[in-house]
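What follows is a single structure, written as structure tokens, with notes after it.
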Amino acid sequence: MAIKILSINECHSDNLGDQAISKSINYIFNKNNCVVINADYSCSQNIKYNNISSLNKNKSKFNLLKKIKALKFIKWAVFNYRYIMNESMKDVDFAVIGGGQLILSNSHFPISIFLWTFFLSIYKKNIYLYSVGCGEKFSFIERILIKYSLKKVKIIFVRDQDSKDKLKLIFNIDSIIIPDVAYALFKNDNYIKDNFCVLGVVDYNVYNRYKREINRYYSTRNDYYNSWIDEINEINCQEIILSSTTLSDRDESISFYEYAKDKTNKKLTLISKLQTLDEYFDLLSKSSFVISGRMHSLILGECYHCSVIPWFISKKIISYQKERNHRNINLSYQMLDSAVKKVLDNETKNNNI
């Protein structure tokens, strides 16, 4: 009988990197004779919550919820616990949360991992974290929620040394390092390359969110754009194709294109829509270079044998580069596969499958 797993990640995100993570998880567990049932970590398919959130987000009576994180978490839990409970009840052998940077201080990730681990434990499902990343700083309430959640997990696989160190330092939790799961898509194929570069300009608001992490300051949006122009002027190719992996990056790329098209001797081509994952893969398979501040654009560029150039927008990209410097991409799949087998062996040993 086939092994059934619940795979919990950002599978319904508009971010192509998140979609690639979900595809990779499905691929590597399918290869190990598992049937994968996908669930949305952020509950973005929970229509009731989304509709209520959008209707009320501008009303003054909700300002207090926006300011007090604990109340915001309670609101999110009230609208989403039923989705998580119903998914946790499904007839599966165990649950896998990951990959992606899911241990993160933001509007809902700490309460999300708390609810997932709480309900999965109630319904006696073993939980594994697979190829996850850990953020930098957490509030008091976030630390409580996350530490409770991590103690419910059987084995934690993190995607880099920095995440391992932070889990130990902040939460006193041990973990095992494996590559980012998107490396499961790497193949030793011979791609016919054209001499162009895929450029992924990141949303300026994202830069502003993380600029203190990396001490990289630009006083205006135009200064920010000029730093990207400096990068493309160094590339030994004549055409730069602007292609984004998120909707907000797509909007930023349109603005960047209008600013930069007369300020470089490179030919700039704008892809103004957000491509599908397969369309993005096809573009990478033909590209010689990738410049991006999005980690999964860089990883997917590696998978399709592009020369990748990180734009260091956050410590996450710095961690990616450190891992890349000492990792053999050809061995990444074997390491990811070994981690899956470790999970399956643990389940077999405990007579759960």
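Hey, can you rank 71-81, 238-248, 14-24, 264-274 by average C-beta count inside 10 Å, highest first? Please list the in-between numbers first.
Working: 71-81: 16.9, 238-248: 20.5, 14-24: 22.6, 264-274: 14.5.
Ranked by mean Cβ neighbours within 10 Å, highest first: 14-24, 238-248, 71-81, 264-274.
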Original post:
Among the aspartates and glutamates, which fall within straight-line cross-link reach of Lys322, defined as a Cα-Cα distance under 15 Å, with same-chain neighbours fewer than 8 residues apart omitted?
Top reply: Asp160, Asp162, Asp165, Asp180, Glu302
**OP:** Please give, to one decimal in nm, the separation of the simple spin-label points placed at Tyr27 and Ser338, each 7 Å out from Cα toward the Cβ.
**Re:** 2.0
Original post:
In nanometres, what is the gap between the two model label sites at Lys124 and Glu239, each 7 Å from Cα along Cα-to-Cβ?
Top reply: 6.0
Original post:
With a Cα-only, solvent-free Debye model of region 271-323, what are the log10 I(q)/I(0) values at q = 0.16, 0.17, 0.24, 0.27 Å⁻¹?
Top reply: -0.46, -0.51, -0.91, -1.05
**OP:** Mind listing the long-range amide H neighbours of Ser131? Cut-off is under 5 Å, sequence gap 5 or more, other chains count too, H placed in the peptide plane at 1.01 Å from N.
**Re:** Phe157, Val158
**OP:** Keeping all protein chains in place, calculate the accessible area per residue for region 90-162 (probe 1.4 angstrom), answer in Å².
**Re:** 35
Subject >> Radius of gyration and maximum dimension Dmax of region 221-280, Cα, Å >> reply: 11.5, 33
Original post:
So which lysines pass the test for Lys267, namely a Cα distance under 18 Å, with those fewer than 8 places away in the same chain ruled out?
Top reply: Lys193, Lys286
Subject >> Distance between region 111-128 and region 188-261 - C-alpha centres, whole angstrom >> reply: 38
Original post:
What FRET efficiency do you get for Ser107 and Lys152 if R0 is 22 Å and r is their Cβ-Cβ distance, rounded to the nearest 0.05?
Top reply: 0.50
Original post:
Taking N as the number of residues in region 260-353, what value does Rg over Cα atoms divided by 2.2 N^0.38 Å take?
Top reply: 1.48
Original post:
How high is the relative contact order of region 207-353, given as a whole-number percent (alpha carbon pairs under 8 Å, six or more residues apart)?
Top reply: 20
Subject >> Rg/Rg_ref, region 200-317, where Rg_ref = 2.2 N^0.38 Å and atoms are Cα >> reply: 0.99
Subject >> lysines whose Cα lies under 20 Å from that of Lys23, excluding same-chain neighbours fewer than 8 positions away >> reply: Lys4, Lys31, Lys187, Lys341
Subject >> Dipole in debye (nearest 20) - the chain, about Cα centre, beta carbon charges: Lys, Arg +1; Asp, Glu -1 >> reply: 1580
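Normalised radius of gyration for region 120-160, please: alpha carbon Rg relative to 2.2 N^0.38 Å, two decimal places.
Working: Rg = 11.4 Å, N = 41, 2.2 N^0.38 = 9.0 Å.
Relative to the rule-of-thumb radius for its length, region 120-160 sits at 1.27.
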**OP:** May I have the pair-distance distribution P(r) for region 105-241, computed from all Cα-Cα distances with 5 Å bins from 0 and rounded to whole percent?
**Re:** 2, 8, 13, 14, 14, 14, 12, 10, 8, 5, 1, 0
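Could you tell me what % of all Cα pairs in the chain have separations over 25 Å?
Taking all Cα-Cα pairs of the chain, the fraction more than 25 Å apart is 55 percent.
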Subject >> Per-pair calculated FRET efficiency, R0 = 45 Å: Met89 and Tyr217 via Cβ, rounded to 0.05 >> reply: 0.40
Original post:
Each residue of region 203-215 in turn: what ³J(HN,Hα) in whole Hz from Karplus with 6.51, -1.76, 1.60 and θ = phi - 60°, glycine and Pro shown as x?
Top reply: 2, 4, 5, 5, 4, 4, 5, 10, 4, 6, 5, 10, 6
Subject >> Contour minus Cα-Cα distance for Arg82 and Asn188 (0.36 nm per residue) >> reply: 33.8 nm
Subject >> Estimated FRET transfer efficiency when R0 is 51 angstrom, pair Glu258-Asn351 (beta carbons, to 0.05) >> reply: 0.25
**OP:** Using the structure shown, list the pairs from Lys154/Lys315; Lys125/Lys154; Lys72/Lys211 with a Cα-Cα distance above 18 Å, or answer none.
**Re:** Lys154/Lys315; Lys72/Lys211
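Measure off, as a whole percent, the carbon and sulfur share of the 1.4 Å-probe accessible area of the chain, all protein chains present.
On the way: 8120 of 16140 Å².
Within the chain, the accessible surface is 50 percent carbon and sulfur.
The values are calculated or read from the model by the stated rules, or taken from the named source; none is laboratory data. These figures come from a predicted structure and were not determined experimentally. Cβ: placed from backbone, ideal geometry, glycine included. Neighbour counts: every protein chain shown. For the accessible areas, the whole protein counts, side chains as well, though only heavy atoms, and no ligand, DNA or RNA atoms are used. Shrake-Rupley method; radii C 1.70, N 1.55, O 1.52, S 1.80 Å.
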